[in-house]
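A short reminder: the numbers here are calculations on the coordinates, not readings from a lab. What you see is a predicted model; the values in this text were computed from it and never measured. Cβ coordinates were reconstructed from backbone atoms using ideal geometry, including for glycine residues, and neighbour counts include every protein chain displayed.
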Amino acid sequence: MTMRQVVIDIPEQILIAEKVDEISFAHEMCVLSAVKLYELGRLTSGRAAELAGMPRVEFLMTLQRYKIFPLESELRELEMQYA
C-alpha cells in the first residue's frame, strides 16, 4: 500500500495545552479523523481503521469512546434496502 504524507502546522501552544508531543498528537489526529470520516459515512470501517493505524476490530471497539455506533452505515444501508 502506497502511503502519502500530509503536513499540517500545529501551534506549539496546542501541544503544550494538551501535554503531548508531536508524534502522540499526530496519532490522535489520525484516529479522530478516521472516526469522524467513518461517522460521516465517507470511509468504511476498514478504510477508517487503516487511517487510524489499527486493526478493524480495534477501530470498531474504539468508536465506543466517541459514542458512535460501530455499524451505523451498515444499518442505514439495510434500512434503505427494506424501506
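Among E50, E22, E12, which one moves the most in a GNM of the chain with springs linking Cα atoms closer than 10 Å?
With Cα springs under 10 Å in the chain, the top fluctuation among E50, E22, E12 is at E12.
Label 7 Å along Cα→Cβ of L51; the stretch 8-40 residues with amide nitrogen under 15 Å?
27-40
Sort D21, D9 so that the residue with the fewest other Cβ atoms within 10 Å of its own Cβ comes first and the one with the most comes last. Mind showing how you got there, number by number?
Working: D21 9, D9 5.
If I rank by nearby Cβ atoms, fewest first, I get D9, D21.
Which order results if T44, T62, T2 are arranged by neighbouring Cβ count within 10 Å, fewest first?
Values: T44 14, T62 18, T2 3.
Fewest-to-most ranking of T44, T62, T2: T2, T44, T62.
Consider the candidate values [x] 1.29; [y] 1.12; [z] 1.87; state which one is Cα Rg over 2.2 N^0.38 Å computed from the structure displayed.
Correct label, based on the coordinates given: [x].
How would S45, S33 line up from fewest to most surrounding beta-carbon atoms within 10 angstrom? Each step should come with its number before you reach the end.
Numbers: S45 19, S33 15.
Sorted ascending by nearby Cβ count, the order is S33, S45.
Report the full-extension gain for the segment S33 to K67: residue separation times 0.36 nm, less the Cα-Cα distance, to one decimal in nm.
Values: separation 34, 0.36 × 34 = 12.24 nm, distance 1.48 nm.
Gain on extension, S33 to K67, equals 10.8 nm.
For the chain, set up a Gaussian network in which alpha carbons nearer than 10 Å are linked by springs, and say which option among R42, R65, R56 fluctuates the most.
Checking each option, the largest mean-square fluctuation is seen for R65.
Out of A83, I14, F25, whose Cα points farthest toward the positive end of the dipole of the chain (charges: +1 Lys, Arg; -1 Asp, Glu; placed on Cβ)?
Ranked along the dipole, the leading option is A83.
Using the crude model of +1 on Lys and Arg Cβ and -1 on Asp and Glu Cβ, and no other charge, please compute the dipole size for the stretch 15-79 relative to its Cα centre, in debye to 20.
On the way: 8 positive and 11 negative charges, 15 e Å.
Here the stretch 15-79 has a charge dipole of around 80 debye.
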